[in-house]
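Undergrad: Sharing a structure with you now.
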Amino acid sequence: MTATHSTATAKPVLRSDYQRSVAEYWNNERDPVNLRLGDVDGLYHHHYGLGDYDPAVLEAPAETREQAIIAEMHRLETAQADVLLDHLGDIGPHDRLLDAGCGRGGTSIMANLRFGCEVDGVSISEEQVAFANERARERGVADKVRYHFRNMLDTGFETGSRKAIWNNESTMYVDLHQLFAEHARQLEIGGRYVTITGCYNDVTGGRSKAVSQIDQHYTCNIHPRSEYFKAMQANNLVPIAVVDLTPATIPYWELRAKSSVATGIEGPFLTAYREGSFHYLLIAADRV
């Protein structure tokens, strides 16, 4: 695929220096915390985990302990994706879904396995798109699950064509008003939007030091909690569920900090969650 153009939109996919820097980061990323976990069962995630971990993995024999920890972290990340899919509503095999900011495609595969429907994923990383499409071919679902090098702020997909859309930890890379306007355009009336995201706490007054460290690490721009609801209201998305997942994600970070795939960002995440300056939220909203 050539550099920055999509045949579907006839516009550059990467439209700013910032987007080009984000794409470069993910094109070059080969982090074991993403790849080794995905190797467990072929579902490659780019999000974090939910639920208590089994403490027995830390007591496993030395020769098997690390693989036990990796498998347990992957289980928690897959559980997170299941929670997101639980909130998509009534999805049938003839519906079409969109995974916005799909990463290496794990959640899209899980949606197809659960609902039997068509899923399109979009990413501004050509490396991620190629990797995800190869995984879909290996699983024999490439006719139903397709990944595209497109910008989630302007995908080129048809208006009203989606029963549900989600962002799984990808909203912090874009302007929320632009994102939700595009999602609202693509959703059918009554369609469902779900995001799981980290957002900073307006009550504590701006980004804390720990939140700023997370931004710097991932080249992202974490939004305040209030901005999600302002942008949804402005774009005909009415929240139906808001779930604070913060307590449920802390064990994942505690386990990850003890693993060989720790990246050094575990401390800021744990600090931000524990001090209350950062929230891990699920928001589900209907298109009206």
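The values are calculated or read from the model by the stated rules, or taken from the named source; none is laboratory data. Just so it is clear, the structure is predicted and the values come from calculations on it, not from any experiment. Note that we place each Cβ from the backbone using ideal geometry, even for glycine, and neighbour counts take in every protein chain shown. Side chains are part of the model used for accessible areas, which takes the heavy atoms of the whole protein and leaves out ligands, DNA and RNA. Shrake-Rupley method; radii C 1.70, N 1.55, O 1.52, S 1.80 Å.
Undergrad: Taking into account only those residues within the stretch 102-119 that are touching an Asp or Glu at 6+ places or on another chain (Cβ under 8 Å) and not in a helix (DSSP H, G or I), which is surrounded by the most Cβ atoms within 10 Å (Cβ to Cβ)?
TA: Of everything passing the filter in the stretch 102-119, G105 is surrounded by the most Cβ atoms within 10 Å (Cβ to Cβ).
Undergrad: For the structure I just gave you, tell me whether Q67 is polar (S, T, N, Q) and under 22 Å from I250 (Cβ atoms). Quick ask: steps written out before the conclusion?
TA: Values: polar (S, T, N, Q): yes; under 22 Å from I250 (Cβ atoms): no.
It is false that Q67 is polar (S, T, N, Q) and under 22 Å from I250 (Cβ atoms).
Undergrad: Still on this structure: Consider the stretch 200-214. How many of its residues are surrounded by 17 or more Cβ atoms within 10 Å (Cβ to Cβ), closer than 15 Å to G264 by Cα and out of contact with any helix residue (DSSP H, G or I) (no Cβ under 6 Å at 6 or more places or on another chain)? Show your work before the answer.
TA: Taking the stretch 200-214 first, the residues surrounded by 17 or more Cβ atoms within 10 Å (Cβ to Cβ) are 200-201, 207-208, 210-211, 213-214.
When the remaining residues are screened for being closer than 15 Å to G264 by Cα, the result is 210-211, 213-214.
From what is left, the residues that are out of contact with any helix residue (DSSP H, G or I) (no Cβ under 6 Å at 6 or more places or on another chain) are none.
Summing the residues that are surrounded by 17 or more Cβ atoms within 10 Å (Cβ to Cβ), closer than 15 Å to G264 by Cα and out of contact with any helix residue (DSSP H, G or I) (no Cβ under 6 Å at 6 or more places or on another chain) in the stretch 200-214 gives 0.
Undergrad: To continue, here is another question. Would you tally the residues in the stretch 126-149 being of a type in the set (G, A, S), open to solvent by 40 Å² or more (accessible area, probe 1.4 Å) and in a helix (DSSP H, G or I)? Let's see the steps before the verdict.
TA: Going residue by residue through the stretch 126-149, those that are of a type in the set (G, A, S) are 130, 132, 136, 140, 142.
The next check asks that each one be open to solvent by 40 Å² or more (accessible area, probe 1.4 Å); those that pass are 130, 140, 142.
Restricting the remaining residues to those that are in a helix (DSSP H, G or I) gives 130.
Matching residues across the stretch 126-149 total 1.
Undergrad: Another question about this same structure. For the stretch 271-287, state whether one or more residues are open to solvent by 50 Å² or more (accessible area, probe 1.4 Å) and touching a strand residue (DSSP E or B) at 6+ places or on another chain (Cβ under 8 Å).
TA: Pass one, the stretch 271-287, residues open to solvent by 50 Å² or more (accessible area, probe 1.4 Å): 271, 274-275.
Applying the additional criterion that residues be touching a strand residue (DSSP E or B) at 6+ places or on another chain (Cβ under 8 Å) yields none.
Checking the stretch 271-287: not a single residue is open to solvent by 50 Å² or more (accessible area, probe 1.4 Å) and touching a strand residue (DSSP E or B) at 6+ places or on another chain (Cβ under 8 Å).
Undergrad: Out of all the residues in the stretch 171-198, which are open to solvent by 10 Å² or more (accessible area, probe 1.4 Å) and of a type outside the set (D, E)?
TA: Initially, the stretch 171-198 is screened for residues open to solvent by 10 Å² or more (accessible area, probe 1.4 Å), giving 172-175, 177-178, 181-182, 185, 188-190, 192.
Scanning the stretch 171-198 gives M172, Y173, V174, H177, Q178, A181, R185, I189, G190, R192.
Undergrad: What do you reckon, is A81 among the small types (G, A, S), part of a helix (DSSP H, G or I), touching a Gly at 6+ places or on another chain (Cβ under 7 Å) and surrounded by 14 or more Cβ atoms within 10 Å (Cβ to Cβ)? Step through it out loud before you land on a result.
TA: On the way: among the small types (G, A, S): yes; part of a helix (DSSP H, G or I): yes; touching a Gly at 6+ places or on another chain (Cβ under 7 Å): yes; surrounded by 14 or more Cβ atoms within 10 Å (Cβ to Cβ): yes.
Judged against the criteria, A81 is a match.
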